[in-house]
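Written out below as C-alpha cells is the structure these notes cover.
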Amino acid sequence: YAAKEAKSGVTLYRPSMHTDDSSRLLLLGDLRRALDATDQLTLHYQPKVRLSDGGLHGVEALVRWQHPTRGPISPAEFIPVAENTGLINRLTLYVLRLALQQVRGWLDGGLAIPVAVNLSPRCLLDSELVRHVTGLLREHGVPARLLRLEVTESAVMANPAQATATLTELHDLGIHLSIDDYGTGYSSMAYLKQLPVDELKVDRTFVQHMDTDQDDAILVRGAIELGHNLGMTVVAEGVEGTAHAAALRSLGCDIAQGYHYARPMPGPDLDRWLQEQRAAIPAAAG
Ligand code: C2E
Ligand code: MG
Ligand code: MG
Ligand code: MG
C-alpha cells in the first residue's frame with residue numbers, strides 16, 4: 001500500500017501510519033466532516049443467498065467512504081479508528097439511516113428485502129441505541145423484522161450483561177440478530193445459548209480454506225452443527241467458488257454470502273442483479 005501524493009505534493013497518511021496519533025486524528029477529523037457531508041459515505045449491499053434454492057435471504061449493508069483527496073478508504077481501515085472514539089455511534093446511526101432509506105425505497109418498489117447492519121462493540125454499550133433505532137424505523141416506516149443487526153462474539157463478551165440487555169431490547173422490538181465473524185472470538189456456548197440471536201455467520205477465514213485445510217473444514221462443520229443445535233440459521237461468509245458452495249450445501253449450511261454470488265454493490269445495482277437472478281423475493285422476508 002504505497003503512500004499517495006496529493007496534487008499539492010503533500011504525502012497523505014496511509015494505514016501503516018495509523019499507529020501515529022496525529023494521522024489518527026487527521027482521519028477522525030476527516031471522518032467527522034464526512035458525516036456532515038452528503039456524498040462521501042455510502043452503502044453497498046451484498047446479497048445473502050439461500051443454498052437450498054438460490055433465493056435471496058437478505059442483504060448486508062457495508063459502508064463505503066469516498067475521501068475527497070485520498071479516494072476510497074476501506075471500512076477495515078476507518079471503522080477501527082472510529083471505534084476507539086464516540087464517533088462510531090454517529091457513524092452507526094448514519095449507516096442505519098441510509099440502510100432504512102434504501103429498504104423504504106425497495107418497499108415502495110414492491111420489494112421486501114431484509115437488510116443487515118453491522119454494530120460495533122461500543123454500540124452495545126450506548127444507552128441511546130435502542131431509542132434511536134426505534135425512531136429510525138418509525139421515521140422510515142420500515143417494519144422491525146426487515147432489520148437485522150450483526151454483532152461479533154467479542155462485542156458480546158466485552159460486557160456480557162450489558163450486551164445481553166441491549167440485544168434483548170432490540171430483539172423485543174422485532175429486530176433480528178446475528179453473530180458475525182463466528183469462530184474468530186471467544187464466546188462460550190453458554191452465552192450463545194442465552195442470547196436472543198437467530199443467525200450465526202461463520203467467518204470467511206474458515207470458509208475460504210475449508211477445501212484444502214482439514215482443520216478449517218472441521219471448524220465449519222462444527223459451527224453449522226452448533227448453530228443448528230441452538231436453533232439458528234447458519235450463514236457462511238466469503239464463499240468464493242462453486243466447490244465451496246457445494247461443500248457447504250452438503251454440510252447443511254443454510255445461507256451463503258460471498259463473491260461467488262455477488263460483490264457488495266450500490267442499491268440500484270442490486271435491483272438489476274435481482275432482475276437477472278429472478279430471485280424469489282416473496283420468500284425473502286423470513
Ligand atoms: P463483515 O461484517 O464481516 O463484512 C464482510 C466483509 O467481507 C466485507 O468487507 C465484504 O466486502 C467482504 N466479503 C464479502 N464476500 C467476500 C468474499 O467472497 N471474499 C472476500 N475476501 N471478502 C468478502 P468490507 O466491506 O471491506 O467490510 C469489512 C468489515 O468492516 C466488515 O466485516 C465489518 O466488520 C466492518 N464494517 C463494514 N461496514 C460497517 C458498518 O457500517 N458499521 C460497522 N460497525 N462496521 C462495518
Ligand atoms: Mg457483518
Ligand atoms: Mg462478517
Ligand atoms: Mg468477517
- For the range 74-194, give the magnitude of the charge dipole about the Cα centre (Cβ charges: +1 Lys/Arg, -1 Asp/Glu; no others), in debye to the nearest 20. 280 debye
- GluC sites (Glu not before Pro) restricted to DSSP loop in the range 104-152 with at most 16 other C-beta within 10 Å: Glu128
- Task: With +1 on each Lys and Arg Cβ and -1 on each Asp and Glu Cβ, and nothing else charged, work out how big the dipole of the range 125-168 is about its Cα centre, in Debye to the nearest 20.
- Result: 200 debye
- Note to self: C-alpha centroids of the range 105-157 and the range 237-251 sit apart, in Å, by 28 Å
- Query: Which value results for Rg/Rh of the range 147-286 when Rg is the Cα radius of gyration and Rh the Kirkwood radius based on the inverse mean 1/r?
  - Reply: 0.98
- Query: Roughly what percent of Cα-Cα pairs across the range 112-222 reach past 24 Å?
  - Reply: 29 percent
- Where both residues lie in the chain, what percent of DSSP beta bridges are antiparallel, nearest 5? 45 percent
- Query: Where in the chain are the DSSP H helices whose C-alpha atoms run 20 Å or more along the long axis and whose mean Kyte hydropathy is at least -0.5?
  - Reply: 21-36, 87-108, 214-229
- Mind listing the long-range amide H neighbours of Ser178? Cut-off is under 5 Å, sequence gap 5 or more, other chains count too, H placed in the peptide plane at 1.01 Å from N. Leu149, Glu150, Val151
- Unit charges on C-beta of K, R, D, E only; dipole of the chain, Debye: 660 debye
- Item | Helical mean residue ellipticity (222 nm; -39500 (n - 2.57) per DSSP H run of 4+; nearest 500) of the chain | -13500 deg cm²/dmol
- Message: Taking the Kirkwood radius as the inverse of the mean 1/r across Cα pairs, report the Rg/Rh of the range 236-275.
- Response: 1.06
- Query: Along the positive direction of the dipole of the range 195-263 (beta-carbon charges: Lys, Arg +1; Asp, Glu -1; about the Cα centre), which of Ala246, Val235, Ala262 reaches farthest?
  - Reply: Ala262
- Please work out the FRET efficiency for the pair Ala158 and Thr38, using the Cβ-Cβ distance as r and a Förster radius of 51 Å; give the result to the nearest 0.05. 0.95
- Message: Spelling out what I want: for every residue of the range 53-63, take phi, set θ = phi - 60°, compute 6.51 cos²θ - 1.76 cosθ + 1.60 (Karplus), and round to whole Hz; glycine and proline get x.
- Response: 9, x, x, 7, 8, x, 10, 9, 7, 10, 6
- Task: Report the relative contact order of the range 102-170, percent, no decimals, based on alpha-carbon pairs under 8 angstrom and at least 6 residues apart.
- Result: 41 percent
- Inter-label distance for Arg64 and Leu230, nm, one decimal - labels placed 7 Å from Cα along Cα-to-Cβ: 3.3 nm
- Cα gyration tensor of the chain, axes a ≥ b ≥ c as square roots of the eigenvalues: rounded (a/c below 1.5), prolate (a/b > b/c) or oblate? rounded
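A short reminder: the numbers here are calculations on the coordinates, not readings from a lab. Quantities reported herein were computed from a predicted structural model and do not represent experimental measurements. Backbone-built Cβ (ideal geometry, glycine too); neighbour counts: all protein chains shown.
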